[in-house]
Amino acid sequence: MNVPDPAAASSSATSPDLERLRRLLESERLKLGVHIRKMNSPGSPVFRQGENVWPAALILVGSFGATALVHFYLGAAVLAVGAWWWLAKVQPRIADGVFDRTVAFMLASERNFEGLWAKGVLSFYAKLPDGREVVATRRDDWREFLRRVEAEFEGGD
């Protein structure tokens, strides 16, 4: 997935750690991982019920309608095509939207970021100039990880 322009997410954050995160994301030296299933659930600040419910409801109503009005085989065909459409077209669009909204939400304030990090929703990945790959999850100190990655790239350039 493409990372949206983090600078466009919020220019009002003054935290040096969030600014460091923005710089690393913009330069593509750091990749962000988002737990889509956790963020696309009720209670999440980026969850949108309509984008999850209406396409599935449309598929089911269409399938039941085709079964009731025409024949079981047509209803099954509508359900099969609808399931393919859901998996191939709708789900990737939903996942991209959840990712984009999560990035914008987490970069809006350090409090938002801290909350998501503590829940284990976010992770970082970086491939360092010497070829080593490093990862940070909620068990790790994200500030120290960002400083270490930035120092590795500054020392390697």
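Structure notes:
- For the chain, the dipole from Cβ point charges (+1 on Lys and Arg, -1 on Asp and Glu) about the Cα centre works out to 560 debye, to the nearest 20.
- The string of couplings for segment 48-64 from the Karplus curve (6.51, -1.76, 1.60, θ = phi - 60°) is 10, 4, x, 6, 9, 7, 5, x, 5, 5, 4, 4, 5, 5, x, 5, 5 Hz, one whole number per residue in order, with x for Gly and Pro.
- Between ALA151 and ALA88, the simple spin-label model (points 7 angstrom out along Cα→Cβ) gives 5.0 nm.
- Dipole orientation for the chain: of the candidates LEU107, GLY33, VAL46, VAL46 has the Cα lying most toward the positive pole (charges on Cβ; Lys, Arg +1; Asp, Glu -1).
- In order through segment 81-87: 3J(HN,Hα) via Karplus (6.51 cos²θ - 1.76 cosθ + 1.60), integer Hz, x for Gly, Pro: 5, x, 5, 4, 4, 4, 6
- Tail fraction, Cα-Cα pairs, segment 101-140, threshold 15 Å, whole percent: 47
- Straight-line reach from LYS119: taking Cα to Cα under 21 Å and skipping same-chain neighbours fewer than 8 places apart, the lysines in range are LYS31, LYS38.
- Note on segment 35-114 and segment 116-143: Cα centroid distance 28 Å, given to the nearest whole angstrom.
- Among the listed options (i) 1.44; (ii) 1.15; (iii) 0.94, the one matching Rg/Rh (Cα atoms, Kirkwood Rh) as calculated from these coordinates is (ii).
- Working note: 222 nm ellipticity from helices only, DSSP H runs with n ≥ 4, each -39,500 (n - 2.57), summed and divided by the residues of the chain, gives -19000 deg cm²/dmol to the nearest 500.
Just so you know, all these numbers are worked out from the coordinates, no wet-lab data involved. Not measured: the values here are computed from a predicted model. Heads up, the Cβs are rebuilt from the backbone with ideal geometry, glycines too, and the neighbour counts pull from every protein chain shown.
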